[in-house]
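What follows is a short report on a single structure.
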Amino acid sequence: MTSTSQQQELRNKIWKIANEVRGSVDGWDFKQFVLGTLFYRFISENFTNYIEGGDESIDYSKLSDDVITPEIKDDAIKTKGYFIYPSQLFVNVAKTANTNPNLNTDLKAIFDAIESSANGYPSEQDIKGLFADFDTTSTRLGNTVEGKNSRLAAVLKGVEELNFGNFEESQIDLFGDAYEYLINNYAANAGKSGGEFFTPQHVSKLIAQLAMHKQEKVNKIYDPAAGSGSLLLQAKKHFENHIIEEGFYGQEVNHTTYNLARMNMFLHNINYDKFNIVLGNTLTDPHFGDEKPFDAIVSNPPYSIKWIGDDDPTLIIDDRFAPAGVLAPKSKADFAFVLHALSYLSSKGRAAIVCFPGIFYRGGAEQKIRKYLVENNFVETIISLAPNLFYGTPIAVTILVLSKHKTENKTQFIDASGEEFFKKVTNNNVLTDKHIERIMAIFDSKADVEYIAKSIDNFKIAENDYNLSVSSYVEAKDTREKFDIMDLNNEVSKTVVRIDKLRAEIEFIIKEIEA
């Protein structure tokens, strides 16, 4: 792992390349080409490292494609999930990028070949379509072949110049960090659209810690609205010593974001057989029913989106929603995601879900679902966070922690929205490691903390119409300046005396002048 200064230098360089190369193209539209190129370089070097096996006498990039036997190829695909011939490696394509008149079509052929190499193997679905958004014929690159090739070459040469150091010692960490840094910056600059697929790393860290708290090992971790995979990867980052035995699972409805998530897994050295990210609508076409239950679930689902709800009469008998006896409103799918996560949760695990605050106090179907959750003692903790933590929205979101192994019939409420729980950085607020540590300490202890945390008996929540809003149970600290009314009256009286005295003196002076 490199030093912080080296890491920051790399970040600065890669963002500079991303901005300079795109020219007049919107950064959000251009992100696929920069992210895709970084991914292409990574899997090329990762594959080269695997083939060479540490033997310094072998330089895979200089071998002829003809020396590759079917046995070598078959074995490599079974292990790595894909195959790249020497001529297809990033280093060889980048070398001639500026002078190759067929660069855009050559790249397309290479990407198609890498994807199709997995056909018929267990990794087929994990590799299929990975480069679908890296469209080398796109008019975003230019209106002519020459224009497209020029911009593609610039991206390739820019990424080629980045120094990731020695692969075995640091490359995996640096590639993954650079990729996440790019996604983070694109999301921040894209506003609302960026916030739809990326949860800031500092929030992801808190969510991962909540879901994994005090679990020495988990069978697997799952995100039903995976986005670019940032929440799943925070679990890997923060719990290196934990054993996530069967890997990382996620479902994502957006095709582009689904591809980003799969690339992100590879870039963080999670092999194809250790992750399963699928494309589809979690609420109406759920996957992994045969894989549940999960010991850890993390999620930041879209806030209050529309869904089919009771327009589909089969959903009320769906195993995920039937126990609550009611479906989430068609105009607000929030609790549909919550009930889905609860259904997939194991008896020993936790789910930590980012939620829109309104679902905790609104009436109707949402109130009935809250009643079901409280009466069955599934709600462990509700944490209100500071505003402006997410890209594209100033909303002060709430984290819902679900558990099926609570020992007390109480619900913990934590108000982590105060100034002592965030740091302001440019236009957004950020949770530092100290803020996260404090929240986790309060979460762990379940002790009451004045103005910050309180555990409430569930029967009292029932008496309050199953309102689960943090502000209903944690008294806010009164920061208004306090005054002693007696002292204030004395001061007023003294002031009145002084005024009367001044008036008398002024009147005397005026009479003297008039005389």
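The values are calculated or read from the model by the stated rules, or taken from the named source; none is laboratory data. On a predicted model such as this, the values are computed, not experimentally measured, just so you know. Every residue, glycine among them, receives a Cβ derived from its backbone with ideal geometry; neighbour counts consider all protein chains shown. When the accessible area is computed, the model is the full protein with side chains, heavy atoms only, and any ligands, DNA or RNA have been set aside. Shrake-Rupley method; radii C 1.70, N 1.55, O 1.52, S 1.80 Å.
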- [ ] Mind listing just one residue for me: the one in the range 439-498 that is among the acidic types (Asp, Glu) and under 30 Å from LYS205 (Cβ atoms) and, of those, least open to solvent (accessible area, probe 1.4 Å)?
- [x] ASP444
TODO: Output the residues belonging to the range 316-357 that are closer than 21 Å to ILE395 by Cα and among the β-branched types (Val, Ile, Thr).
DONE: VAL338, ILE353, VAL354
Open item on the list: Here is a check on your reading of the model: is LYS95 at pLDDT 95 or above, among the basic types (Lys, Arg), more than 18 Å from LEU35 (Cβ to Cβ) and touching an Asp or Glu at 6+ places or on another chain (Cβ under 9 Å)?
Closed with: yes
Task: Selection from the range 80-109 of residues that are open to solvent by 20 Å² or more (accessible area, probe 1.4 Å) and within 22 Å of TYR258 (Cβ to Cβ) - done: LYS80, LYS108
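Residue-by-condition table, conditions (1) modelled with pLDDT of 95 or more; (2) touching a helix residue (DSSP H, G or I) at 6+ places or on another chain (Cβ under 7 Å):
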| site | (1), (2) |
| --- | --- |
| ILE414 | yes, yes |
| ASN427 | no, no |
| ILE439 | yes, yes |
| ILE442 | yes, no |
- [ ] For the range 249-273, name all the residues that are buried (at least 16 other Cβ atoms within 10 Å of the Cβ) and farther than 29 Å from LYS306 by Cβ.
- [x] MET263, MET265, PHE266, LEU267, HIS268, ILE270, TYR272
TODO: For residues that are modelled with pLDDT of 90 or more and over 20 Å from LYS95 (Cβ atoms), scanning just the range 132-144, find the one that is surrounded by the most Cβ atoms within 10 Å (Cβ to Cβ).
DONE: ASP135
Open item on the list: among the small types (Gly, Ala, Ser) and closer than 16 Å to ILE461 by Cα: is that true of GLY363 in this structure?
Closed with: yes
- [ ] Tell me which residues, restricted to the range 29-57, are open to solvent by 60 Å² or more (accessible area, probe 1.4 Å) and assigned to a loop (DSSP other than H, G, I, E, B).
- [x] GLY53, ASP55, GLU56, SER57
Open item on the list: I'm told PHE321 meets every condition in (1) open to solvent by 10 Å² or more (accessible area, probe 1.4 Å); (2) more than 22 Å from the chain's Cα centre (by Cα) except one. Can you identify the failing condition by its number?
Closed with: (1)
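So that you can scan it fast, the table gives a plain yes or no per residue for (1) open to solvent by 30 Å² or more (accessible area, probe 1.4 Å); (2) farther than 12 Å from SER304 by Cα; (3) in contact (Cβ under 8 Å) with a residue 24 or more places away in the chain; (4) of a type in the set (S, T, N, Q):
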residue: SER331; (1), (2), (3), (4): yes, no, yes, yes
residue: LEU339; (1), (2), (3), (4): no, yes, yes, no
residue: LEU342; (1), (2), (3), (4): no, yes, yes, no
residue: LEU345; (1), (2), (3), (4): no, yes, yes, no
residue: LYS348; (1), (2), (3), (4): yes, yes, yes, no
residue: ALA352; (1), (2), (3), (4): no, yes, yes, no
residue: PHE356; (1), (2), (3), (4): yes, no, yes, no
residue: GLY364; (1), (2), (3), (4): yes, yes, yes, no
Task: Residue tally, condition within 19 Å of ALA341 (Cα to Cα) and not in a loop (DSSP other than H, G, I, E, B), over the range 206-217 - done: 7
Open item on the list: Among the residues that make up the range 19-28, is at least one of them at pLDDT 95 or above, open to solvent by 20 Å² or more (accessible area, probe 1.4 Å) and of a type in the set (Lys, Arg)?
Closed with: no
Open item on the list: Any residue at all in the range 372-385 that's out of contact with any Asp or Glu (no Cβ under 8 Å at 6 or more places or on another chain), open to solvent by less than 50 Å² (accessible area, probe 1.4 Å) and of a type in the set (Asp, Glu)?
Closed with: yes
- [ ] Output the helices (runs of 4 or more DSSP H) that fall wholly within the range 431-515 and possess 2 or more residues being in contact (Cβ under 8 Å) with a residue 24 or more places away in the chain, or say none.
- [x] 433-445, 458-463
TODO: Give the residues of the range 399-426 that are in a strand (DSSP E or B) and open to solvent by less than 10 Å² (accessible area, probe 1.4 Å), sorted by residue number.
DONE: ILE399, LEU400, VAL401, LEU402, SER403, THR411, GLN412, PHE413, ILE414, ALA416
TODO: For ALA453, work out the one condition from (1) under 22 Å from the mean Cα position of the chain (by Cα); (2) modelled with pLDDT of 95 or more it doesn't fulfil.
DONE: (1)
